[in-house]
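The values are calculated or read from the model by the stated rules, or taken from the named source; none is laboratory data. Because the structure is a prediction, the values reported are computed rather than measured. Methodologically, a virtual Cβ is constructed for each residue, glycine included, from the backbone with ideal geometry; neighbour enumeration extends over all protein chains shown. Side chains included, ligands, DNA and RNA excluded: accessible areas come from the protein's heavy atoms. Shrake-Rupley method; radii C 1.70, N 1.55, O 1.52, S 1.80 Å.
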Amino acid sequence: MYLLRKMFSSESTEEQEGDGAAAADMEGNKDSSKESQGTDTHHTSPSMAMRVMIASFRKKFPTVKGVNTEVVQKWFQQGAASKKLQGGQTGDADKRKLVIVDARPENEYIISHLPGAIRIEFTTEDKNYIVREIQDSIKDEEKRLPKTIIMYCSLGYRSSILADKLQKAIESKGAENDLSDAEIYNMEGGIFKWANEGAPMVDVSGTPTKSAHPFNVVFGKLLDHSLRKDKL
């Protein structure tokens, strides 16, 4: 746990403090995670550490809804989100415009990101800016559709912060937005879990890639070693 309390050392003071607290929360989640501490031998299954991290983020951000990577992959295949989280066949009436938001800084985003993802840094304080960036990313012909917004980062902490900010912006009477019908989710396990599962990613030029930025030496251990890349 000592190393985890030293994580995010290269990031902002706000992020260091927040993620230090998240690491501390992991200690309290150990007991509740015992039943899922079996040994994982397949790389597409989240490790015990990954499961503990996800549980910790859920605890720290109780108002932020989570969605797993498998469901997001189904939505990608369908070309739209579905009201039914577990996928399956859906009619046009069930479809929702899928908006993907990457909460990481540019140096991580350029290595790889989910196809079609826009980037809004989690440190952004202007809530109206967050709303406008999402609105501007939606084509005019799709603006009438209800929206499902997926936030992600390396593992889910930074994207939970951004999701919480967006929720508050939509709820705020002072925020000018038309996202009142939006469903907002944090993609649990983030791009690390997504990459470990071999799901599609592209680099800054739009070229398909299997690599992802490892963020730092501690959290990077949750990303398959062969997939780690911190420079183009």
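Multiplying the residue separation of residue 129 and residue 204 by 0.36 nm and subtracting their alpha-carbon distance yields 24.7 nm.
Taking 0.36 nm per residue of separation and subtracting the current Cα-Cα distance, fully stretching the chain between residue 183 and residue 119 would add 21.2 nm.
Dividing the mean sequence gap of close Cα pairs (under 8 Å, 6+ apart) by how many residues the range 112-221 holds gives a relative contact order of 35 percent.
Pairs of C-alpha atoms in the range 110-222 farther apart than 18 Å represent 53 percent of all such pairs. Between residue 218 and residue 73, the FRET efficiency from the beta-carbon distance, with R0 = 30 Å, is close to 0.65.
Charging the Cβ of each Asp and Glu at -1 and of each Lys and Arg at +1, and nothing else, the dipole of the range 130-187 about its Cα centre rounds to 200 debye. Between residue 171 and residue 225, full extension at 0.36 nm per residue minus the direct alpha carbon distance yields a gain of 15.3 nm. Sequence-ordered 3J(HN,Hα) estimates for the range 203-220 from the Karplus curve with 6.51, -1.76 and 1.60 and θ = phi - 60° stand at 8, 5, 8, x, 7, x, 8, 9, 8, 9, 5, x, 6, 7, 5, 7, 5, x Hz, glycine and proline given as x. The listed peptides 179-188, 156-165, ordered by packing as a protection proxy, come out as 156-165, 179-188 (highest mean of other Cβ atoms within 10 Å first). Between the amide H of residue 183 and those of 147, 148, 149, distances stay under 5 Å, these residues lying 5 or more places away or on another chain, with hydrogens modeled in the peptide plane.
Among 152, 109, what's the order by accessible area (1.4 angstrom probe), most exposed first? Numbers along the way, then the final one.
Numbers: 152 0, 109 35 Å².
Output order, biggest surface exposure first: 109, 152.
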